[in-house]
Structures are given as structure tokens and as C-alpha cells.
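What follows is a single structure, written as C-alpha cells, with notes after it.
The values are calculated or read from the model by the stated rules, or taken from the named source; none is laboratory data. Treat the numbers as computed from the prediction; the structure is a model and nothing was measured. Using ideal geometry, Cβ is built from the backbone for each residue, glycine included, and neighbour counts are taken over all protein chains shown. Please note that ligands, DNA and RNA were not included when accessible areas were found on the heavy atoms of the full protein model with its side chains. Shrake-Rupley method; radii C 1.70, N 1.55, O 1.52, S 1.80 Å.
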Amino acid sequence: MNYDFPMPDKLPKTPYEKAKDISFTVEDNKIDRLTLTVGPENHGWENPWYGVADIVFEHDGTKATVGPIAVVDTGGDAEFHPKDDTWVIKNVTRPACLDETAALVNRLMAIPDVTVSKELTSLRDKLTSMGH
């Protein structure tokens, strides 16, 4: 089961909170999973974006927090996006931008106790392999 949490087209000030009532039941002595998708409401955003979030699950007044979680969205740039287990990065007109992106990715991954999405990890690996 997947639950979407779209971000508004105009980036909100942080901290930003979004709540949604969901219904998810796991049978006794069973294992199950659910996914939460966080991303831009309007998929026309050209550039990839990143987010860091805590997820709070509440059931019968008891809260459980998961996070922080760091994610990156692909955006709509045909020359900068994830593909399979790596990233396509081509026709870079400003190489310093890749250094800035690498620094940002490293800062996100250095957040204490952060869980990093596979796309963010593969972006770091690709930038490192390119010397950034």
C-alpha cells in the first residue's frame, strides 16, 4: 500500500508539517509494509530537489517517529536524473554546480542517524566517481 504526500508547488517554509489519515492493518504474527511517497505536487519541476523529514505514526494516541530520512526527487531534467542504480549527468555547463551538489549531498548524509534514500546514495556515488 502506498500513501502519497505531495509537496506544494511553492516551497513551504520549514519546518513544514503535513498530516494524513491512513488505514493500514497488519495481521497478528504477520509482516507487511507500506510505502510513503513524498515529492512535488506538480511533476513539472525541472530540477531535482531534496528533502529531510521525520515520519510520525500515531495509533490509539501512541506516537512512533521514524527519521530523519533524506530523499531526492528526480525533477524533470533529461540530463540530470537517476537511471537504474546510478545517475545520468551530462552536458554540464557549470561544473562548479556539481561541486555544490556534492557538498549538499554530503551534508545531508552527515545528519546524525539519517536514513538515506537509495537515489541519494547513488547520486553521491556518481558525483564521487566524477571527481566531485
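Once every DSSP H run of n ≥ 4 in the chain is given -39500 (n - 2.57) and the sum is divided by its residues, what mean residue ellipticity at 222 nm do you get, rounded to the nearest 500 deg cm²/dmol?
Working: 2 runs with 27 residues, N = 132.
So the calculated ellipticity at 222 nm is -6500 deg cm²/dmol.
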Note on the chain: the mean projected area of its alpha-carbon convex hull, in nm², is 10.1
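Got the relative contact order for the chain handy, in percent, Cα pairs under 8 Å and 6 or more residues apart?
On the way: 160 pairs, mean separation 27.1, N = 132.
Once divided by the residue count of the chain, the mean separation gives 21 percent.
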Along the Cα→Cβ direction, 7 angstrom out, place labels at His59 and Asp125. What is the inter-label distance in nm?
3.3
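Measure off, as a whole percent, the carbon and sulfur share of the 1.4 Å-probe accessible area of the chain, all protein chains present.
Working: 4820 of 9700 Å².
For the chain, the apolar C and S fraction of the accessible surface comes to 50 percent.
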Give me the angle, in degrees from 0 to 90, between the Cα long axis of helix 95-109 and the longest principal axis of the Cα atoms of the chain, rounded to the nearest 10.
30
Nearest 5 percent is fine: what portion of the DSSP beta bridges confined to the chain is antiparallel?
65
For the chain, what does the accessible surface come to per residue with a 1.4 Å probe? Please give it in Å².
74
Extension gain Lys118-Ala103, at 0.36 nm per residue separation less the Cα-Cα distance, in nm?
3.6 nm
Determine the alpha carbon to alpha carbon distance for each of Lys18/Lys118; Lys30/Lys63; Lys18/Lys63; Lys30/Lys83 and list only those over 26 Å.
Lys30/Lys83
Amide H partners (placed H, <5 Å) of Val116, local residues excluded
Ala70
Loop-only check: which GluC sites (Glu not before Pro) in segment 79-132 are DSSP coil with at most 10 other Cβ within 10 angstrom?
Glu79
With a 10 Å radius around each residue's Cβ, average the other Cβ atoms per peptide and rank 21-30, 121-130, 62-71, highest first.
121-130, 62-71, 21-30
